[in-house]
Amino acid sequence: MSAGDARVRIGLSWAFLGVVLFSFSVPLTKVAVGGFDPVFTATSRAVIAAAIAIVFLSIRRIPIPPRHLWKPILITMLGAVFGWPILLAIALQSTTSAHTAVIAAFMPMTTAIFAVMFTHERVSKSFWVAVAVGTAALVAFSLSRGGLEGGSIYADLLIIGAVISSSLCYVQGAAVTRVMPGWQVISWVVVFSLPVTLPATVILWWVTKDSYVTTPVEWGALLLLGISSMYFGFFAWYRGLALAGVAHGGQVQQLQALLTLLWSALFLGEGWGTVAAALVVVIAVGWAQRSRTPSFVAPEE
């Protein structure tokens with residue numbers, strides 16, 4: 001195995017770990033918005049992540065990033081801290097997780113498109129065919145699991161906006177990992193957002209606290225969103241994209257919706273359609289990975 005192949009395999013492993021952590025985002029958000037204002041859910045999870053980031057950055061004595069990196073970090077912040085969490089939380093008040101999965105299934109494809117547009121990654125025609133096959137399998141599977149239910153134009157537009165925001169922040173953040181470790185990228189993203197997220201969280205809590213009845217389950221979901229989906233998931237995800245390439249590494253995300261639904265099949269006894277769709281997507285992801293080896297190495301952690 002060549003050094004390049006080994007690097008790609010390691011990158012895909014990191015990306016998969018990130019996807020596992022991200023796969024909790026939709027169900028945890030669905031639980032959290034049952035006891036919290038949706039915007040509060042989004043801003044508070046970023047505050048939780050920032051509190052952890054400050055500890056890590058302080059222990060490692062990491063200096064503030066140079067000015068030329070501020071723009072991609074701020075763009076990443078707009079998508080990761082505000083775009084995806086806020087739009088998703090609002091949408092999930094009026095739609096189902098299964099319906100969300102139908103539209104979110106296009107995220108790996110939009111991530112690949114943005115990667116080609118902004119980072120000029122070169123991909124083959126077979127890569128796009130693999131992406132299309134995997135996306136089609138995801139959409140078909142999501143529809144079979146009730147993805148047609150709970151849809152509305154309002155919710156669909158919010159989810160589309162969330163998908164675009166998330167894809168853009170993945171690409172912009174991954175570009176910064178060429179010169180900075182992924183954990184530092186997400187750390188500065190959530191810290192830079194504090195001047196907005198902290199006062200917003202305090203104000204929203206004060207204004208909305210009497211409008212919701214919150215249980216320990218919803219508090220737990222909110223805490224896990226901040227720790228896993230908003231912070232540690234990005235550690236692994238950005239490391240994986242830096243090693244495997246944004247367009248190719250991003251295709252591992254086709255497994256994200258299936259992970260959540262596969263767990264439902266395991267614990268709730270849902271049928272073999274889950275397994276069949278999973279096999280198609282896994283084959284498509286593997287097919288996509290064979291079309292290119294990245295030309296750069298991520299910086300050391």
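How long is the gain from ARG178 to THR214 if the chain were fully straight, where each residue apart is worth 0.36 nm and the alpha carbon distance is subtracted?
8.8 nm
Determine the gain in length on full extension of the stretch GLN93-LEU69; use 0.36 nm per residue of separation and subtract their C-alpha separation, reporting nm with one decimal.
Full extension of this stretch gives 5.1 nm more.
Please list 3J(HN,Hα) in residue order for region 29-37, calculated via the Karplus relation 6.51 cos²θ - 1.76 cosθ + 1.60 where θ = phi - 60°; whole Hz, with x for glycine and proline.
With coefficients 6.51, -1.76 and 1.60, one gets 5, 4, 5, 5, 6, x, x, 9, 4 Hz.
List the trypsin sites (Lys or Arg not before Pro) within region 5-96 that DSSP assigns to loop and that have no more than 10 neighbouring Cβ atoms inside 10 Å.
Answer by residue number: ARG61.
Values quoted throughout were computed directly from the atomic coordinates according to the rules given, and no laboratory measurement underlies them. Quick caveat: nothing in here was measured; it's all calculated off a predicted structure. Cβ atoms come from the backbone with ideal geometry, glycine included; neighbour counts cover every protein chain shown.
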